[in-house]
Each structure stands twice: as C-alpha cells, then as structure tokens.
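One structure is given below, encoded as structure tokens.
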Amino acid sequence: MNKATRKAIIAGNWKMNKTRPEAKALLEELKGMVADIKTVEIVACVPFTNLETALAATEGTNIKIGAENCHFEKSGAFTGEISADMLAEMGVEYVVLGHSERRQYFAETDETVNKRTKAALAAGLKPIVCVGELLWERECNITEEVIARQIKLDFFGISADDLKKCVIAYEPVWAIGTGKTATADQAEEVCAFIRAQLAKLYGAEVAEAITIQYGGSMNAANAAELVSKTNVDGGLIGGASLKAADFTTIIKAAENG
Ligand code: PEP
C-alpha cells in the first residue's frame, strides 16, 4: 500500500464557531461545491450543538460529520460531557481526540486521549487522534521523542484492527491558528516518522494503511504543496474550514495530491 491507495481525508475542525443557522448555511454552500469529489473523504467536525443540523444538511451527500471530542465513560455523573455512544447513535462517524486546544486548555493528557480513543472505537466511531510538539520542544530538538511518546501512549492497548479505523493528525502546536505553517518538508518529515513508529509497533502493512493528516494553518494557498508529500494523506483544517470556497480548494488539492 502507498499514498495512492490510502484514503485521503480532509477534515474541518470548526472549533467553537457557528450557530445552527450558520452551520446549515455553510454546509449547504459546501455541498454544492464538492458534490463531484470522489477520491477524497470530506469530513466536517462541528460543535455538539450543530451535530443534528449538520447530519440533516449532509444526508445523502459525500460529506461526513464528526464531533470535536467525546468522553471516555459510557454514561454517568459527568456533567457537561458527551459519550461516544451518544454520538454514534446520532449517526456521527468521526471524532477529533487529543486536539492541542483540549490538551492546553482542558487538561487533556495522553492517558485520557487513550481512554477516549478506546471508547470511540468501542462505539464504532472513527477517531482522528491529534499529536504534535510545542514550539519549545521543536527548538530543543525533541520533536521525535515527543511524537514517539504520544503515539505509544495514545494508542496503548489498541489492536492493529482498531488502529486501522483511526486517523492520525500531525499538528505542530506552534502552527495551529497562528498562521505559521510547517513547511511541506517539515510536515513530511514528521508524518514519515509517525508512520515509521507505527511500523515498529504494528508492522509495515498496518503503518502503510493508516491515513496521516497534517494540520496547522493549512489554507487554500499552501494545501497543494503539503498534501503532495508522500506521507501526508490530507489535512485537519481549522480556520480555513469555515469558508466553503477555501475548504473546497483544499479538498481539490488533496484530490490531485
Ligand atoms: C485545527 O484546529 O486543528 C487547526 C489545524 O487549526 P488551523 O487550521 O486554524 O491552524
């Protein structure tokens, strides 16, 4: 298996943006623009409050819907939380886990990312698990150590069959929402490193099958170069996923990538 046979996935991470009418309007616009895309999986990961609206707006289309997080317990006294089963029951297909904003602002750790990933898989969701180094860690030349540790911990106890249902998003924290994009070579270097780590843990065949995205200020202007790289199988896109035309340009770049 190689890049040509792996599934390219372009996923939008809307973060805490869009009311329900705004969500509907954006998806209605996007739907028309991407209707003829066949070779790229298109995903919109939206706030919990928009899930029902998003599922209704995209029914029967080539746009899949994801959530931006889920809790690791099945149910219980966890005020304000949403379980993986609740998402799966709605028809949600993907869930972003371990996003750096969750790690930074909501005390998410590799241990809870691991538990959430297991819960999501048990519910039949496809986790998009985010890993990435801080600027300080890159400057100290420990990017590979950081990423290797995250991969080991976030996927601890997850079988090869389950790993194949996961997507990994390499998101250098210094590039998220900052307008500073990793160069295509930096993105390729770390995505290739992630694949090599997976090969050590799960074997080459499994590693070659996994979709590894780049995320961090990917936009309409820089997407083509990033997704052209051998180990970059698409992107997780924040800001630029909020504009239908920009998101479409990125999706089309992945079609040719
Ligand atoms: C993200 O939210 O995962 C992200 C990559 O954001 P942005 O594209 O805005 O940097």
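Among residues of region 232-249 being within 15 Å of the chain's Cα centre (by Cα) and more than 10 Å from the ligand (Cβ to nearest atom), the one that is farthest from E29 (Cα to Cα) is V232.
Answer yes if at least one residue in region 81-88 is within 16 Å of the ligand (Cβ to nearest atom) and open to solvent by 10 Å² or more (accessible area, probe 1.4 Å), and no otherwise. So that I can check it myself, show each step before the final result.
Filtering region 81-88 down to residues within 16 Å of the ligand (Cβ to nearest atom) leaves none.
Scanning region 81-88, I find no residue that is within 16 Å of the ligand (Cβ to nearest atom) and open to solvent by 10 Å² or more (accessible area, probe 1.4 Å), so the answer is no.
Scan region 122-137 and give yes if some residue there is within 17 Å of P47 (Cα to Cα) and among the aromatic types (F, W, Y), otherwise no. No, because not a single residue in region 122-137 is within 17 Å of P47 (Cα to Cα) and among the aromatic types (F, W, Y).
Of E93, E111, all but one fail to be within 13 Å of the chain's Cα centre (by Cα), surrounded by fewer than 23 Cβ atoms within 10 Å (Cβ to Cβ) and touching a residue at least 40 places away in the same chain (Cβ under 8 Å); the exception is E93.
Looking at the structure I just gave you, is F72 open to solvent by less than 70 Å² (accessible area, probe 1.4 Å), of a type in the set (F, W, Y) and either more than 24 Å from A223 (Cα to Cα) or at pLDDT 95 or above (or both)?
On the way: open to solvent by less than 70 Å² (accessible area, probe 1.4 Å): yes; of a type in the set (F, W, Y): yes; either more than 24 Å from A223 (Cα to Cα) or at pLDDT 95 or above (or both): yes.
When the stated conditions are applied, F72 passes them.
Tally the residues that are within 16 Å of A8 (Cβ to Cβ), of a type in the set (G, A, S) and within 13 Å of the ligand (Cβ to nearest atom), restricting the search to region 201-231. The qualifying residues number 2. Within region 6-17, the residues that satisfy the criterion of being among the charged types (D, E, K, R) and either more than 20 Å from S217 (Cβ to Cβ) or not in a loop (DSSP other than H, G, I, E, B) (or both) are R6, K7.
Cβ-Cβ contacts under 7 Å between residues 6 or more apart (or on different chains), taken from a first residue in region 220-242 that is hydroxyl-bearing (S, T, Y) to a second residue that is part of a loop (DSSP other than H, G, I, E, B) and open to solvent by 10 Å² or more (accessible area, probe 1.4 Å), are listed as S228/G257; T230/K3.
Since K15 meets every condition but one in (1) in contact with a Gly (Cβ under 9 Å, 6 or more places away or on another chain); (2) charged (D, E, K, R); (3) away from the ligand (no atom under 16 Å from the Cβ), which condition does it not meet? Condition not satisfied by K15: (3).
Candidates are the residues of region 166-189 that are open to solvent by 10 Å² or more (accessible area, probe 1.4 Å) and among the β-branched types (V, I, T); the one that is farthest from the ligand (Cβ to nearest atom) is T183. Does N62 qualify as being within 16 Å of the ligand (Cβ to nearest atom) and surrounded by fewer than 23 Cβ atoms within 10 Å (Cβ to Cβ)? No: the conditions fail for N62. If you go through region 31-59 and pick out every residue that is in a loop (DSSP other than H, G, I, E, B), open to solvent by 60 Å² or more (accessible area, probe 1.4 Å) and in contact with a Lys or Arg (Cβ under 8 Å, 6 or more places away or on another chain), you end up with 0.
The values are calculated or read from the model by the stated rules, or taken from the named source; none is laboratory data. Please read all numbers here as calculations on a predicted model, not as lab measurements. Don't worry about glycine lacking a Cβ; one is built from the backbone with ideal geometry, like all the others, and counts go over all protein chains shown. Surface accessibility is based on the protein's heavy atoms, side chains included, excluding ligands, DNA and RNA. Shrake-Rupley method; radii C 1.70, N 1.55, O 1.52, S 1.80 Å.
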